[in-house]
Structures are given as C-alpha cells and as structure tokens.
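The structure under discussion appears below in the form of structure tokens.
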Amino acid sequence: MKLPAFKLERFFAKYEFKAPYLLSSSDCEAMTIEELLSLEPGATQKFHQTWLGYTETQGSVELRQAIAQTYQTIGIEEILVHAGAEEAIFIFMNVALEPGDHIIVHFPCYQSHSSIAQSIGCEVSGWMSHETDNWELDLDWLREAIQPNTKAIAINCPHNPTGYVMSRAKLEELIAICRQHNILLFSDEVYRFLEYRDEDTLPAACDLYENAISLGVMSKTYGLAGLRIGWIATHNQEIYQAMAEFKDFTSICSSAPSEFLSTLALRNRDKIIQRNRAIIAANIETCDRFFASHADFFNWTAPKGGSTAFPSLKQAGDVEEFCVDLVNQQGVLLLPSTYFDYGRQNFRIGLGRRNLPECIEKLDDYLATN
C-alpha cells in the first residue's frame, strides 16, 4: 500500500499552530482535564488512581458501556475502541475491501474515505453533493452508480464540511438500497448529536441495518480531540472480528488515562453537548450577519448540523489564493475546497470554537482593506 499525502493534514501542519485565528477547525471547543474532572464529584481522585498498564484491546468495559448508551441496539461486544476515528477508518477499509472492489463515497469527503480505498486498488465513485441543491444527496444517482462489485457505501452525516443532515426517510431508503444489494454501509457519525433541531437527530445506522458500521469519536461533538479515542459499533461480527485482529498490528490498545476521561465525558455527554450546541448556535448567528453583509462576495448556505459550514466565493477565482493571502495578512485560517478535491470556490469555516466572533472581525478587516 502506498498512500498519497493527506493534503488537508499537510495544510494544517503548515498553518494550524502558527495562525492566531483558527476559523477552519472541524471540532468543538476543547476542555482542560480540570474542567472535565469537575463534572463528577470524586473524579479527580479516581483519575489519580488510574492504573497505567495495558488496557483491553476492545476498550475497557466501562468505556464500552458508556459508548453503548449512545445507541439503541448495540451491546458492549459490538463496540471496538480505536485511537481516534482515523485508525478506525483505516482498519475498516483494509479489512472490508479487496483490490477490484467498488466503493461509493459521500462527497466532498474527509480524504481517508477515498484515498485508503484507492490505495488498496479499489474503484471509488464520488456521490456528489452540490451547494446549489443545499448539499442534498440524490438516491436516484446512487441506484444507477451501484455495480456488481460495489462492496460498500461511505456516508458522513452530519456532514463535514457542508453541515448537511439527511432526513430519516432518506436514511431508511438508503439502508433499503444497501440491504437489497448486500452492501456494507460505513456511516461516519462523528458529529452525531450536533443536529441543531432535536427532530433532525438521526438514529445511528448500526441501529437500523445489520451491515452498517457506525463511526464515533471524542474529537468532534465532544471537543476532546486530545484524548485520541474513537470507536466503531456494528452488528456485523465478521467485520468486527476482522477489525479487531487487524488492530493488533496498529495501536493494539488505547491509553488508560484517555479511556478514563472519555468514559467520564460520555457519562456527562448531555452537559457537554448542550454547551457545544450553544456555542455553535451563537456562532451561526454571527455568521448569518456577516455573510448577509457580504452577500455580494460570498454564497452562504447555513448548515443543519455539525460544527462546520462550506460557503463559497461568489465570483470566479482561486479560493486557495484567497485563503493563503488571508492567513498571511490577518492570521485568519480558512480551509480551501482544493483540500477536499472539490473545485476552487468553497472554503470550510469552523463553528465550534468560542473565538469565532474575533476571527470573523479579522476577516471583516481583511475584506475592508482588499
């Protein structure tokens, strides 16, 4: 296997820890260990008593119990903990796909969803969504795109970078299509529970379909990226066992302190989610005002969920030049659509950080002087 450069990560490696105003981050506002421990009486003492030996390769029983509480039909033996979402994506693709297989990927996408499959020797078809259609997915296109060798469909909802959330009816129809063709459904749900309306919160795909693999992580909805804890949940024991065996060659097991803190966070998930939803809601109001005042320069489609949006330049141009000039002049970092292999007009804006108003003010200053 020879993987291409992960373009998005290389871009962030260059700018993320140098630019003072990060306006492109995909995660929510982080917490300190002290803040997290304060959510439960006695948590600090228990954390100090955490045993620093090896942990179970599946993830601790306590952690998997806490994860299972976020699903309707999943037990702890159907949850496999990973070192973040990236490891889980990498392992799934390697155990589920063979050279010559075909996979359909919700697009634009996090590069791992497509590049790993391509490196294995698979054919990848992008299930394109478009700003002019409010990023809606076309099931008729999907039906036509399925081939005899189609092994899996990968979706991401709420969607990074667009903020799209599909309807319950569409998800159920998608699952019916997968079941009809015996196709695996890899459902990236790392922004689950960040839907802006409770009625838009979808069931996990693994709760609806026996061949769905749901992906979760502490990084996005919970804002705890530094813990490096992710997981998959699935009823498909063949996929589960294959992923567990492959994991013996990657991380093997997780950090004990990270598992303790993740378990604590998930037990208190309602408080954390409520906090992060409030930050996003306030930031969307700020963005609505900003983009309305610059309607001659930007297209703005307000997201329906998650902590990102994907506006675009109204006039033809090079969005990467715009973003690089912006970070060099004002220290404001946006993520160009070129790093999603999605044209040269759009850019990702992050909605989950408290300093968004300050970042927007700097962006406004840039527009006023250029």
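The values are calculated or read from the model by the stated rules, or taken from the named source; none is laboratory data. Quick caveat, the model's predicted, so the values are computed rather than measured. In this analysis, Cβ positions are derived from the backbone assuming ideal geometry, glycine residues included, and neighbour counts consider all displayed protein chains.
Looking across region 291-315, just one residue is in a helix (DSSP H, G or I) and within 26 Å of the chain's Cα centre (by Cα), and that is F291. Within the option set I252, I284, being assigned to a helix (DSSP H, G or I), in contact (Cβ under 8 Å) with a residue 60 or more places away in the chain and among the aliphatic types (A, V, I, L, M) holds for one residue only, I284. Please verify whether R348 is surrounded by fewer than 21 Cβ atoms within 10 Å (Cβ to Cβ) and not hydroxyl-bearing (S, T, Y), treating the condition exactly as stated. No: the conditions fail for R348.
Screening A43 against (1) out of contact with any strand residue (DSSP E or B) (no Cβ under 8 Å at 6 or more places or on another chain); (2) under 29 Å from V327 (Cα atoms) leaves a single unmet condition, (2).
Given the structure, is E86 charged (D, E, K, R) and part of a helix (DSSP H, G or I)? It is true that E86 is charged (D, E, K, R) and part of a helix (DSSP H, G or I). Taking region 162-199 as the range and being without any contact (Cβ under 8 Å) to a residue 60 or more places away in the chain, in a loop (DSSP other than H, G, I, E, B) and under 24 Å from N94 (Cα atoms) as the test, the residues that pass are N182, I183, E189. Which condition number does A19 fail, the rest of (1) at pLDDT below 95; (2) within 24 Å of I155 (Cα to Cα); (3) outside the structural domain of Q241 (by TED's automatic domain parsing) being met? Condition not satisfied by A19: (2). One residue stands out among those in region 1-41 that are assigned to a loop (DSSP other than H, G, I, E, B), among the charged types (D, E, K, R) and touching a residue at least 60 places away in the same chain (Cβ under 8 Å): the one that is nearest to R275 (Cα to Cα), which is E29. Cβ-Cβ contacts under 6 Å between residues 6 or more apart (or on different chains), taken from a first residue in region 220-233 that is closer than 19 Å to E34 by Cα to a second residue that is of a type in the set (V, I, T) and at pLDDT 95 or above, are listed as Y222/I272. Looking only at residues in region 333-352 that are aliphatic (A, V, I, L, M) and not in a loop (DSSP other than H, G, I, E, B), which one is farthest from M128 (Cα to Cα)? For region 333-352, the residue satisfying everything is L333. Please indicate, with yes or no, whether at least one residue in region 32-46 is touching an Asp or Glu at 6+ places or on another chain (Cβ under 9 Å) and over 30 Å from D248 (Cβ atoms). Scanning region 32-46 turns up at least one residue that is touching an Asp or Glu at 6+ places or on another chain (Cβ under 9 Å) and over 30 Å from D248 (Cβ atoms).
Could you look through region 200-223, keep only residues that are among the β-branched types (V, I, T) and not in a loop (DSSP other than H, G, I, E, B), and pick out the one that is farthest from F92 (Cα to Cα)? Give the derivation first.
Restricting attention to region 200-223, the residues satisfying the condition of being among the β-branched types (V, I, T) are 201, 213, 217, 221.
If we keep only those that are not in a loop (DSSP other than H, G, I, E, B) too, we end up with 213, 217.
Numbers: I213: 9, V217: 15 Å.
So the residue we want is V217.
Does L23 satisfy the condition of being surrounded by 11 or more Cβ atoms within 10 Å (Cβ to Cβ) and under 25 Å from I360 (Cβ atoms)? Can you show your working first?
Numbers: surrounded by 11 or more Cβ atoms within 10 Å (Cβ to Cβ): yes; under 25 Å from I360 (Cβ atoms): yes.
So L23 passes the test.
State whether one or more residues within region 49-59 are surrounded by 19 or more Cβ atoms within 10 Å (Cβ to Cβ), closer than 26 Å to M166 by Cα and modelled with pLDDT of 95 or more. Spell out the reasoning first.
Within region 49-59, the first condition is being surrounded by 19 or more Cβ atoms within 10 Å (Cβ to Cβ), and the residues that meet it are 55, 58-59.
Those left that are additionally closer than 26 Å to M166 by Cα: none.
Checked region 49-59: no residue is surrounded by 19 or more Cβ atoms within 10 Å (Cβ to Cβ), closer than 26 Å to M166 by Cα and modelled with pLDDT of 95 or more.
For every residue, the table says whether it meets (1) of a type in the set (S, T, Y); (2) part of a helix (DSSP H, G or I); (3) over 30 Å from W127 (Cα atoms).
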position	(1), (2), (3)
R289	no, yes, yes
G317	no, no, no
C323	no, yes, no
R354	no, no, yes
Y366	yes, yes, yes
